[in-house]
Amino acid sequence: MPAIKLSPTALNLFLECRRCFWLDKVKSFKRPRGIFPSLPSGMDREIKTHFDAFRARHEMPPELAGKDFAGSSLFPDQARLDQWRDWRKGLEYKSGNGPVLSGAIDELLVKDGLYIPFDYKTKGSPTTQEDAVRYYQNQLDCYALLFQENSMPAADYGFLLYYSPKSVGENGKAVFEVQPIRIPVDYERGRRTFESAAAFLASTMPDSSPVCEYCGWIAKYKELFDKADFF
Ligand code: SF4
């Protein structure tokens, strides 16, 4: 049987709710996803194309002109980056015979022989460093672990590059604010999260959270359904 793959998104679910994570990975019972907006993936595609043009010229894009990026360069090997951008062929880390950590990266910076996790984000309004850490710390920790375990020494920091709509010009073209945010990264923290999640899959189904609205809704639904006075 192929090993279970855990992505940074799956580990976010583990950090958020053990039961949802267990149901997803052990029973293939996934949370409903709702309608997925296509704008972020369209932005993602265009930003990658934009960065790739600068990579081909061995230059940094103007968004990365600040002092935080002094001495850094875009990872130069387009063919390898294309492979790592594909979730089916992305970087992997395996410890023992258990699950595999796998991740598809957007971009990668290099400085002084260290590999710097980097991801693009699209958001409705400018963000804060606190929010960036809250939502994406685990993702960048996992990327750093994947680099470290694939013979690419990881830096202890990474970047998120946020694009948020700012205005629509006279010509009708939308203008986006671009906001690079540097956050500290720890690949050992990523390893601890991955190993805890991998070990957790061998447990029995955990209890639901008493404060989760969804599980409360399901319990109420089941109660009404069992009484057969619902339909
Ligand atoms: S408590 Fe909420 S988040 Fe956890 S399993 Fe139930 S529905 Fe999912």
Next on the checklist: So, Trp22, is that one in contact (Cβ under 8 Å) with a residue 60 or more places away in the chain, open to solvent by less than 40 Å² (accessible area, probe 1.4 Å) and within 23 Å of Leu201 (Cα to Cα) or not?
Outcome noted: yes
Checklist outcome for this item: Out of (1) farther than 15 Å from Pro8 by Cα; (2) open to solvent by 10 Å² or more (accessible area, probe 1.4 Å); (3) modelled with pLDDT of 95 or more, the one Glu92 does not meet is (1)
Next on the checklist: Considering only the range 113-135, I want to know if a residue exists there that is without any contact (Cβ under 8 Å) to a residue 12 or more places away in the chain and within 13 Å of the chain's Cα centre (by Cα).
Outcome noted: yes
Checklist entry - Right, Leu64: closer than 18 Å to Gln139 by Cβ, open to solvent by less than 30 Å² (accessible area, probe 1.4 Å) and of a type in the set (A, V, I, L, M) or not? => result no
Item to check | Check on Ala79, modelled with pLDDT of 95 or more and either in contact with a Ser or Thr (Cβ under 6 Å, 6 or more places away or on another chain) or surrounded by 15 or more Cβ atoms within 10 Å (Cβ to Cβ) (or both) | outcome: no
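Conditions tested, residue by residue: (1) under 28 Å from Pro184 (Cα atoms); (2) under 16 Å from the mean Cα position of the chain (by Cα); (3) without any contact (Cβ under 8 Å) to a residue 24 or more places away in the chain.
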| residue | (1), (2), (3) |
| --- | --- |
| Ile35 | no, no, yes |
| Asp44 | yes, yes, no |
| Arg57 | no, no, yes |
| Arg88 | yes, yes, yes |
| Ser102 | yes, yes, no |
| Lys111 | yes, no, no |
Checklist entry - What helices (runs of 4 or more DSSP H) lie completely within the range 129-231 and have 1 or more residues being at pLDDT 90 or above and either within 16 Å of the ligand (Cβ to nearest atom) or basic (Lys, Arg) (or both)? => result 129-148, 187-200
Next on the checklist: Considering only residues that are without any contact (Cβ under 8 Å) to a residue 40 or more places away in the chain and touching a Ser or Thr at 6+ places or on another chain (Cβ under 8 Å), which ones fall in the range 174-210?
Outcome noted: Ala174, Val175, Phe176
Checklist outcome for this item: Scanning the range 172-220 for residues that are more than 27 Å from Lys67 (Cα to Cα) and open to solvent by 90 Å² or more (accessible area, probe 1.4 Å) gives Lys173, Arg192, Ala202, Thr204, Asp207, Pro210, Val211, Glu213, Tyr214, Trp217, Ile218, Lys220
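The values are calculated or read from the model by the stated rules, or taken from the named source; none is laboratory data. Since the structure is predicted, the reported quantities are computational estimates derived from the model, not experimental observations. Cβ coordinates were reconstructed from backbone atoms using ideal geometry, including for glycine residues, and neighbour counts include every protein chain displayed. Note: accessible area is taken over every heavy atom of the protein model, side chains too, but ligands, DNA and RNA are not part of it. Shrake-Rupley method; radii C 1.70, N 1.55, O 1.52, S 1.80 Å.
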